[in-house]
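Shown next, in structure tokens, is the structure this report addresses.
The values are calculated or read from the model by the stated rules, or taken from the named source; none is laboratory data. For clarity, every value in this text was computed on a predicted model and none was experimentally measured. Cβ: placed from backbone, ideal geometry, glycine included. Neighbour counts: every protein chain shown.
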Amino acid sequence: MKNISFLRKEIALTLLPLLLCLNCAPTENTNPNHLEPVRAYDPLLDGYTQTVFASLIGKTFPELWMVCTPSFSREYAVILRSEPVNSQADNPGGSTDRRKWTLELATAAEQIWHHKEYPKGYKGPMELDHRKDVRVDRKRIEIDQSLAQELKKCWMAALRKTRYPDKDYRGADGATYQFYCDFDYFGETWSPTTGVPANLVALADRLGKLVRSAPNEREALIKDCAMRARQLQADARKSK
């Protein structure tokens, strides 16, 4: 009996450190299944955010966008723009339902967010800064109204569920994704891995791939993007 009791103590002492490690191990924070309100004014980030917006989106407000600002790579945006195609001569009344829909991928040629330059041998603190004159590479393709409307419905379904998260899940390094549609709807997420936010980012990046694709690849990509948009609409509407 003494041997059995001693053996039990040895097993307990062996397992105790492992159990303590498991209990103390940090749990991975996952993103909420919805977008969050765009953060309020920040004296450090506001100038950067404004520069990214001015550089990638420009002065003409589009139908929708996703802007990505990563920690260690170039900023980019996926943008849907539209413009009327009927001329005044075609339609003297001025009203028109016909529009030209353009999908655009705008990518900064170099990262806008960077450290200030200092003289050689400088040993003081490194301050962050942002470049205001970065060249932007733009690629565009025209898409039909059917896909454009599916994308708008998808963006709106996700943006209407925007609210503050129950807990802070953000880390130090990652990527912030901001979304916009229809003048009044804005939302953002940070490095999402699950749910509606992750799938919305994946769809936007798929649209970027569509813009970069060869003509013979586009039909399949368009079908895939439309399918993803419809599924996201359903997922966003039933999410809590």
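Contact list please: Cβ distance under 8 Å, first residue in the range 77-89 and in a strand (DSSP E or B), second residue surrounded by 12 or more Cβ atoms within 10 Å (Cβ to Cβ) and at pLDDT below 85, pairs at least six apart or on different chains.
Pro84/Thr96
Being at pLDDT 75 or above and part of a helix (DSSP H, G or I): is that true of Lys120 here?
no
Hey, can you tell me all the residues within the range 140-149 that are surrounded by fewer than 14 Cβ atoms within 10 Å (Cβ to Cβ) and within 16 Å of Arg206 (Cα to Cα)?
Within the range 140-149, Arg140, Glu142 meet the criteria.
Could you figure out which of (1) surrounded by fewer than 16 Cβ atoms within 10 Å (Cβ to Cβ); (2) on the phi > 0 side of the Ramachandran plot; (3) touching a Ser or Thr at 6+ places or on another chain (Cβ under 8 Å) isn't true of Gly195?
Of (1) surrounded by fewer than 16 Cβ atoms within 10 Å (Cβ to Cβ); (2) on the phi > 0 side of the Ramachandran plot; (3) touching a Ser or Thr at 6+ places or on another chain (Cβ under 8 Å), only one is false for Gly195: (1).
Need pairs with beta-carbon distance below 6 Å; first residue among the polar types (S, T, N, Q) and within the range 192-215, second part of a loop (DSSP other than H, G, I, E, B); sequence gap 6+ or separate chains.
As it stands, the answer is Thr194/Thr30, since those pairs meet every condition given.
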